[in-house]
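Presented below is the structure to which this report refers.
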Amino acid sequence: MDPELEAFIPFLPPLDMDDPVAARKIFAERAASAPAPDTSNMEVEDRTVPADPDVAVRIYRPHQAQGAIVWLHGGGGVFGDLDTEHPWATRIADLSGAVVISVDYRLAPEHRFPAALDDAYAVLTWTAEHAAELGVDPERIAVGGHSAGAAIAAAVSLRARDQQGPPIRFQLLNEPGLDDRPQTWSRQNFTDVPWMDSGKIATAWRHYLGSRPATPYAAAARAADLSGLPPAYIATAEFCPNRDEDIEYALRLLQAGVSVELHQWPGTFHGSQAILSAEVSQRQIAGITAALRRALAP
């Protein structure tokens with residue numbers, strides 16, 4: 001474990017995935033206690049995307065932005081919202097120069113798959129249709145997220161390909177949960193790692209799927225054909241249960257002819273980039289935002 005990260009492990013908040021309401025409360029309180037981010041160099045606007053049901057979004061417009069990313073927060077598909085994601089969305093917009101459309105997708109177990117995917121896809125479609133209003137090039141729209149949000153972003157990419165939906169320039173997948181099946185070494189062995197271990201991930205999948213069998217739009221690793229997908233940036237954490245399925249997905253994308261930038265961050269755990277004082281976290285965030293800036297460049 002990276003020593004700067006290890007020092008913070010005793011102070012991580014408890015996370016009980018068996019009690020989604022409590023998890024949401026703890027996560028929201030933790031986010032609310034953080035200093036408000038500086039948004040002076042961008043416009044921030046709350047909007048509602050017409051859908052069934054409507055989807056709330058928060059739009060971050062840096063000055064002179066030309067590309068955009070539909071951004072999906074983490075939280076196992078169980079917790080997280082526009083407010084808890086506000087510092088991250090601000091940081092991504094600031095460092096990448098992209099318009100960030102942060103999506104308040106529906107959460108499990110109250111709203112199981114495909115609710116979150118439907119919300120994200122509706123926002124992607126709306127973003128493409130309103131590109132001129134947003135001041136972005138419709139050919140420079142990315143999708144991305146962290147953890148469960150990254151999993152939804154991967155599914156959105158598959159669905160857009162299959163349904164000839166809006167063109168996606170790039171998919172940014174940070175520590176995504178891509179496979180409901182606990183088949184990899186990291187899923188089977190990381191049972192006692194910080195913040196998000198294998199047991200919590202299994203619980204999150206149960207909340208997300210309920211009794212429904214997983215499809216590729218729920219768990220992208222189940223897709224047989226990965227050809228024709230957008231170029232990807234995939235980042236993994238060394239002590240994350242999702243690590244091996246993410247690396248395998250990156251390899252499968254490469255074998256399908258999809259360009260991939262893959263980063264495996266040593267000494268890190270799932271979500272540890274939130275510990276901003278650690279040097280490795282700063283490199284992770286810089287890597288994500290630089291990749292997005294490159295992908296959306298003219």
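The values are calculated or read from the model by the stated rules, or taken from the named source; none is laboratory data. These numbers were taken from a predicted model, which means no experiment stands behind them. Here Cβ is always computed from backbone atoms with ideal geometry, including for glycine, and neighbour counts include all displayed protein chains.
Among (1) touching a strand residue (DSSP E or B) at 6+ places or on another chain (Cβ under 9 Å); (2) touching a residue at least 60 places away in the same chain (Cβ under 8 Å); (3) of a type outside the set (Ser, Thr, Tyr), there is one condition ALA160 misses while meeting the rest; what is its number?
(2)
Could you tell me whether the stretch 201-211 includes any residue that is among the β-branched types (Val, Ile, Thr), within 20 Å of PHE170 (Cβ to Cβ) and not in a loop (DSSP other than H, G, I, E, B)?
Looking for residues that are among the β-branched types (Val, Ile, Thr), within 20 Å of PHE170 (Cβ to Cβ) and not in a loop (DSSP other than H, G, I, E, B), one finds none in the stretch 201-211, hence no.
Scan the stretch 200-214 for residues that are without any contact (Cβ under 8 Å) to a residue 40 or more places away in the chain and polar (S, T, N, Q) and jot them down.
SER211
Would you confirm whether any residue within the stretch 60-80 is buried (at least 24 other Cβ atoms within 10 Å of the Cβ) and assigned to a helix (DSSP H, G or I)?
No, the stretch 60-80 contains no residue that is buried (at least 24 other Cβ atoms within 10 Å of the Cβ) and assigned to a helix (DSSP H, G or I).
Return the residues of the stretch 251-263 that are among the hydrophobic types (A, V, I, L, M, F, W, C) and either under 12 Å from LEU172 (Cα atoms) or touching a residue at least 40 places away in the same chain (Cβ under 8 Å) (or both); say none if nothing qualifies. Before you say what the answer is, go through the steps one by one.
Of the residues in the stretch 251-263, the ones among the hydrophobic types (A, V, I, L, M, F, W, C) are 251, 253-254, 256, 258, 260, 262.
Result: VAL260, LEU262.
Checking the condition modelled with pLDDT of 95 or more, surrounded by fewer than 22 Cβ atoms within 10 Å (Cβ to Cβ), among the aliphatic types (A, V, I, L, M) and farther than 19 Å from VAL260 by Cα, which residue from ALA120, ALA128 passes? Break it down stepwise before answering.
Numbers: ALA120 fails: surrounded by fewer than 22 Cβ atoms within 10 Å (Cβ to Cβ).
Going through ALA120, ALA128 in turn, the sole match is ALA128.
Restricting attention to the stretch 20-34, report how many residues are under 11 Å from PRO109 (Cβ atoms) and either of a type in the set (Ser, Thr, Tyr) or surrounded by 13 or more Cβ atoms within 10 Å (Cβ to Cβ) (or both).
Within the stretch 20-34, the first condition is being under 11 Å from PRO109 (Cβ atoms), and the residues that meet it are 20-21.
With the extra rule that they be either of a type in the set (Ser, Thr, Tyr) or surrounded by 13 or more Cβ atoms within 10 Å (Cβ to Cβ) (or both), the set shrinks to 20.
Selection size over the stretch 20-34: 1.
Can you name every residue in the stretch 252-298 that is buried (at least 17 other Cβ atoms within 10 Å of the Cβ) and at positive phi?
GLY271
How many residues does the stretch 15-35 hold that are over 21 Å from the mean Cα position of the chain (by Cα) and assigned to a loop (DSSP other than H, G, I, E, B)?
Count: 4.
Looking at (1) among the aromatic types (Phe, Trp, Tyr); (2) in contact with a Pro (Cβ under 9 Å, 6 or more places away or on another chain); (3) under 23 Å from LEU292 (Cβ atoms), find the lone condition where TYR233 falls short.
Answer for TYR233: the failing condition is (2).
Matching residues to (1) in contact with a Lys or Arg (Cβ under 7 Å, 6 or more places away or on another chain); (2) in contact (Cβ under 8 Å) with a residue 40 or more places away in the chain:
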| residue | (1), (2) |
| --- | --- |
| PRO50 | no, yes |
| GLN64 | no, no |
| GLY67 | yes, yes |
| HIS73 | no, yes |
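Read through the list (1) in a helix (DSSP H, G or I); (2) under 20 Å from ILE201 (Cα atoms), then give the number of the only condition that ARG106 fails.
(1)
Applying the selection to the stretch 122-158, what residues are under 18 Å from THR236 (Cα atoms) and among the hydroxyl-bearing types (Ser, Thr, Tyr)?
Correct list: SER147 only.
Which residues, taken from the stretch 170-191, are in a loop (DSSP other than H, G, I, E, B), of a type outside the set (Ser, Thr, Tyr) and either modelled with pLDDT under 95 or touching an Asp or Glu at 6+ places or on another chain (Cβ under 9 Å) (or both)?
Restricting attention to the stretch 170-191, the residues satisfying the condition of being in a loop (DSSP other than H, G, I, E, B) are 175-184, 190-191.
Okay, now just the ones that are also of a type outside the set (Ser, Thr, Tyr), so 175-183, 190.
Within the stretch 170-191, GLU175, PRO176, GLY177, LEU178, ASP179, ARG181, GLN183, PHE190 qualify.
Could you check ILE141 against (1) under 25 Å from ALA274 (Cα atoms); (2) touching a strand residue (DSSP E or B) at 6+ places or on another chain (Cβ under 9 Å); (3) buried (at least 20 other Cβ atoms within 10 Å of the Cβ) and say which number it fails?
(1)
Per-residue answers, yes or no, for (1) of a type in the set (Ser, Thr, Tyr); (2) touching a residue at least 24 places away in the same chain (Cβ under 8 Å); (3) under 22 Å from ASP83 (Cβ atoms):
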| site | (1), (2), (3) |
| --- | --- |
| LEU95 | no, yes, yes |
| LEU107 | no, yes, yes |
| ARG112 | no, yes, no |
| ALA120 | no, yes, yes |
| SER147 | yes, yes, yes |
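Residue under question is GLY97, and the condition is that it be at positive phi and out of contact with any strand residue (DSSP E or B) (no Cβ under 8 Å at 6 or more places or on another chain); does it hold?
Numbers: at positive phi: yes; out of contact with any strand residue (DSSP E or B) (no Cβ under 8 Å at 6 or more places or on another chain): no.
In short, no.
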